[in-house]
Amino acid sequence: MDQTAALFLFLQPMGRLMAIDYGKKRTGIAVTDPMKIIASGLCTVATKELGHWLVNYLLKEDVETIVVGEPKQMDYTDSELGGEITAFAKALQTQYPNIKVERVDERFTSKMAFQTMIDSGLNKRQRRNKALVDEIAATIILQSYMDRKNYL
């Protein structure tokens, strides 16, 4: 590693990135490591318990940015949950003003997550685990954000 790359890594904030795949019943969560190199699924939380879960997680972990999936129809109009998720993202920014809240198009992430499960060899019973689909979808949202922002 040359000196410029080492200095770049040293100057990077060490807070994690987090992605949220918000759903009516369940919400998938993914995070990066502190150096923001690897996006990994963390868990799935019952949406009604998401606020409490976030408070506890953010007390323990330094999160720099929360990426919230933005569900759009094929014609770019909001999906059924669009307004609710926009309100959630605004509430996050208000409650956590020191954490950047960004939105990422999440179209096709559930389909991509399901295909990832097939490609990884999970059997039919395992692929019916909707919580796992949500967690993988959150990971895909986070990875797409990292790719767009040119993280390592």
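The values are calculated or read from the model by the stated rules, or taken from the named source; none is laboratory data. Remember, it's a predicted structure, so these values are computed and weren't measured experimentally. For neighbour counting, all protein chains shown are included, and Cβ atoms are generated from backbone atoms with ideal geometry for every residue, glycine included.
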What are the pairs, 6+ residues apart or on separate chains, where a residue within segment 61-77 that is at positive phi has its Cβ under 9 Å from a residue that is surrounded by 19 or more Cβ atoms within 10 Å (Cβ to Cβ) and modelled with pLDDT under 85? none
For segment 33-52, give me the residue count where each residue is more than 15 Å from residue 131 (Cβ to Cβ), surrounded by fewer than 19 Cβ atoms within 10 Å (Cβ to Cβ), touching a residue at least 40 places away in the same chain (Cβ under 8 Å) and out of contact with any Ser or Thr (no Cβ under 8 Å at 6 or more places or on another chain). 2
On the given criteria, is residue 20 under 13 Å from the mean Cα position of the chain (by Cα), without any contact (Cβ under 8 Å) to a residue 12 or more places away in the chain and under 14 Å from residue 142 (Cβ atoms)? no
Search result, residues across segment 52-81 that are part of a strand (DSSP E or B), modelled with pLDDT of 95 or more and either touching a Lys or Arg at 6+ places or on another chain (Cβ under 7 Å) or farther than 15 Å from residue 99 by Cβ (or both): 63, 64, 65, 68
Can you tell me which of (1) at pLDDT 95 or above; (2) part of a helix (DSSP H, G or I) is the one residue 114 doesn't meet? (1)
Run down 49, 84 and say which single residue is in contact with a Phe, Trp or Tyr (Cβ under 9 Å, 6 or more places away or on another chain), at pLDDT 90 or above and part of a helix (DSSP H, G or I). 84
